[in-house]
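For reference, the structure discussed in these notes is given below.
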Amino acid sequence: MITQREFRTNSAAVMDAVEAGETYHVTRNGVEVAELRPIPRRRRLAAEELVERHRRLPAVEAAQMRREADEHFGTEDRVDSDARWE
């Protein structure tokens, strides 16, 4: 719990604490009026982590994927890669 005055006076420190994971309930005249809490954020991944994740993905066999897509979606509206555009 923190009063409105304490928040105003120490806002930078309070915001640093919120950014670090703390939650504050702000009071005005003894009545709780607000909650300050961190917004959940996904951690940004470094390039090395992305490459490692990519390496662990299952291999994709293109011809099998095409067969499965054709079975699911059909082939009547499919444009082949070697088709000529009008």
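The values are calculated or read from the model by the stated rules, or taken from the named source; none is laboratory data. No experiment lies behind these values; they were computed from the predicted model shown. Here the Cβ positions follow ideal geometry from the backbone for every residue, glycine too, while neighbour counts run over all protein chains shown. To get the accessible areas, we keep the full protein, side chains included, count just its heavy atoms, and leave off ligands, DNA and RNA. Shrake-Rupley method; radii C 1.70, N 1.55, O 1.52, S 1.80 Å.
Structural remarks
- Take every pair of alpha-carbon atoms less than 8 Å apart whose residues are at least six positions apart; their mean separation over the length of the chain yields a relative contact order of 18 percent.
- Ligands, DNA and RNA left out, the 1.4 Å accessible surface of the chain is 50% carbon and sulfur atoms.
- Other-chain or far-sequence residues with amide H under 5 Å of Ala34's (modelled H): Val26
- Accessible area expressed per residue, the chain, with surrounding protein chains retained (probe 1.4 Å, Å²): 97 Å²
- Only Lys, Arg, Asp and Glu carry charge here, each on its Cβ (+1 for the first two, -1 for the last two); on that basis the chain has a dipole of about 640 debye about its Cα centre.
- In this entry, the stretch 37-78 is assigned a mean projected area of 6.0 nm², taken as a quarter of its C-alpha convex hull surface.
- Look at (i) 12.3, 35; (ii) 27.3, 74; (iii) 12.3, 44: the one that is Rg and Dmax of the Cα atoms in Å derived from this structure is (ii).
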